[in-house]
Each structure stands twice: as structure tokens, then as C-alpha cells.
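This report concerns only the one structure given below.
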Amino acid sequence: MQIITRQEAKAKGLKHYYTGKPCKRGHVYKRFVSTCLCVKCAKLFARPSKGIKATYHPFCKIVNDALASTDRKEFRIKYNKSYMAASKRGILDLLTKRMPPPQTRGKWDRRAILVCAAKYRMASDWCSDHPGAYDAAQRLGILSEATAHMERDLSDYDAVYIWGCKSGNEWLCKVGVTSVRLGYERIKSVSKKSGIACEFAIIAKSKNALQAEALLKKIGKQAGFGGFNGSTEFRLLNAKNLKNANEVIYEYADTATH
């Protein structure tokens with residue numbers, strides 16, 4: 001297998017790159033350009049779990065749906081399942097390369113985002129009125145800065161959770177905050193979109209869910225994902241880390257469910 005850097009592979013529109021060096025789990029194998037994840041590791045993480053149906057989107061359908069779309073917006077709205085599947089497989093940029101760039105791509109730089117955000121008191125209102133600015137803030141990594149002055153409705157963020165699956169001697173887990181109303185539905189949705197199995201889950205209603213989430217993000221190490229919403233919240237935990245994470249949740253919990 002020929003060695004090629006991620007930057008070179010991305011410039012050529014390739015799905016994979018190859019460093020010739022072992023990944024964190026010792027696999028000397030090609031990696032996804034979109035996530036930097038080893039292909040063999042990805043197969044370990046994508047095991048279907050009980051209670052969550054594993055789905056497969058045929059490659060030919062993804063390509064045909066992309067060809068039937070005139071721009072990214074139409075592809076995302078009209079063929080959402082194919083769009084998400086393309087994103088997960090790291091081929092979205094390749095399939096949409098022929099399409100015109102989003103109109104807001106050049107409009108929302110750092111200054112424009114912060115000026116726009118400054119007019120809003122609630123992040124939800126800003127996102128609703130200016131989704132392009134909100135998405136650009138996420139893409140540029142300045143969402144926290146843009147929303148620092150805004151109030152957060154805790155009724156929408158009153159549950160902290162951890163879920164994941166076993167991978168060798170470690171646990172691949174996602175931590176985060178959601179609403180009690182969404183609960184397990186949120187977990188099922190992210191599991192389906194990411195292709196990562198949910199073998200266990202703990203959700204706890206908490207008045208201090210955000211503080212608990214901040215502590216959970218310091219436990220273990222980042223899984224190194226990227227390319228989809230919430231990817232940076234995936235962490236690799238050993239048995240001791242997982243025990244510590246559970247203790248954090250129970251310490252901050254008003255009520256907890258498994």
C-alpha cells in the first residue's frame with residue numbers, strides 16, 4: 001500500500017490515506033480522510049447493538065441521489081439519508097465537488113458571526129434565525145465564543161448521559177447533555193448516524209448537567225473522530241475511567257436511569 005498523507009489524499013478527493021504507521025490499537029492500515037480513524041477500528045466500533053437496528057445505505061443509491069441534486073442544500077433536504085450516509089463514509093466532499101459552494105460559505109467569517117450573534121440573547125433564537133451563521137461558528141470552532149453572552153435554557157439541557165460500546169480492553173463512549181424529553185431517542189439517533197453501537201447507556205436528570213458534562217470530557221482520552229456533529233464528544237475509557245465517569249453522573253444526578 002502506497003504511503004500518502006491526509007493532506008495529499010484530501011487534495012485528490014480520496015476517501016482514505018495511509019501513513020505506514022500503526023494506529024492506537026496497533027493496526028497498520030489505511031485511514032479515513034474525514035475522521036483520521038483507522039478502517040479496522042471503525043469496523044470494530046460499528047457493531048450493531050441490541051435494540052438499535054443496524055442500517056446500510058447502498059453506495060450506488062448515495063451516488064445516484066447526489067447526481068440528482070443540483071446543490072448541497074437540495075441533497076441534504078431531499079435525500080437526507082444519502083447525505084448523512086455520504087458524510088459518515090467520508091465521501092460527501094467528493095460527491096458534492098461539482099456542486100456550487102454554499103452561498104453562506106464566504107459570508108460568515110469570524111467578525112460577521114460575532115456581530116450577528118451579539119444581537120441575540122438565546123442561542124436557540126440565533127440558530128433559528130441564522131442557521132448559516134450558527135453552522136459557520138461550529139465549523140470555525142468559535143461557537144462557544146459566539147454564544148458566551150447568551151442565556152441557556154436549562155429546561156432543554158437538563159440531562160447528562162454516557163453511552164457506548166466495548167472495543168478490546170477499552171470502551172468507546174459518548175458523553176453529552178440533552179433534554180429529558182429526548183432521552184434515549186437522542187442516543188439512538190446519534191448511534192445510528194455515527195454507526196457506533198450503543199451497548200449501554202446511563203442518563204441522569206440534573207440541575208447541574210453542564211458541570212457534569214465538563215467533568216466527563218476530562219476523563220479518558222479523545223477518540224479522534226471528526227466530520228460529524230458531536231464527534232468530539234466521543235472518548236476512549238478504560239475500566240477505571242468508566243467507573244469514574246459513572247461516579248460523576250451519580251454525584252450530579254437528581255434521578256438516574258439505565
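The values are calculated or read from the model by the stated rules, or taken from the named source; none is laboratory data. Bear in mind that the values here come from a model prediction, so they are computed numbers and not experimental data. Cβ placement follows ideal geometry from the backbone for every residue including glycine, while neighbour counts extend to all protein chains displayed.
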Considering each residue of the stretch 199-214, count those that are within 19 Å of the chain's Cα centre (by Cα) and either crowded, with 22+ Cβ neighbours inside 10 Å or part of a helix (DSSP H, G or I) (or both), and give that number. 4
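Just checking, does the stretch 70-93 include any residue being of a type in the set (G, A, S), modelled with pLDDT of 80 or more, over 22 Å from K193 (Cα atoms) and not assigned by TED's automatic domain parsing to the domain that holds G13? Break it down stepwise before answering.
Restricting attention to the stretch 70-93, the residues satisfying the condition of being of a type in the set (G, A, S) are 82, 85-87, 90.
Filter again for modelled with pLDDT of 80 or more, leaving 82.
Now drop any that are not over 22 Å from K193 (Cα atoms), which leaves none.
No, that holds for no residue.
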Do you know which of the residues in the stretch 139-176 that are of a type in the set (S, T, N, Q), out of contact with any helix residue (DSSP H, G or I) (no Cβ under 7 Å at 6 or more places or on another chain) and within 28 Å of F200 (Cβ to Cβ) is modelled with the highest pLDDT? N169
Residues satisfying the stated conditions in the stretch 1-23, i.e. in contact (Cβ under 8 Å) with a residue 12 or more places away in the chain, in a loop (DSSP other than H, G, I, E, B) and of a type in the set (K, R): K15
Looking only at the stretch 218-256, filter to residues that are at pLDDT 85 or above and in a loop (DSSP other than H, G, I, E, B); which one of those is surrounded by the fewest Cβ atoms within 10 Å (Cβ to Cβ)? K218
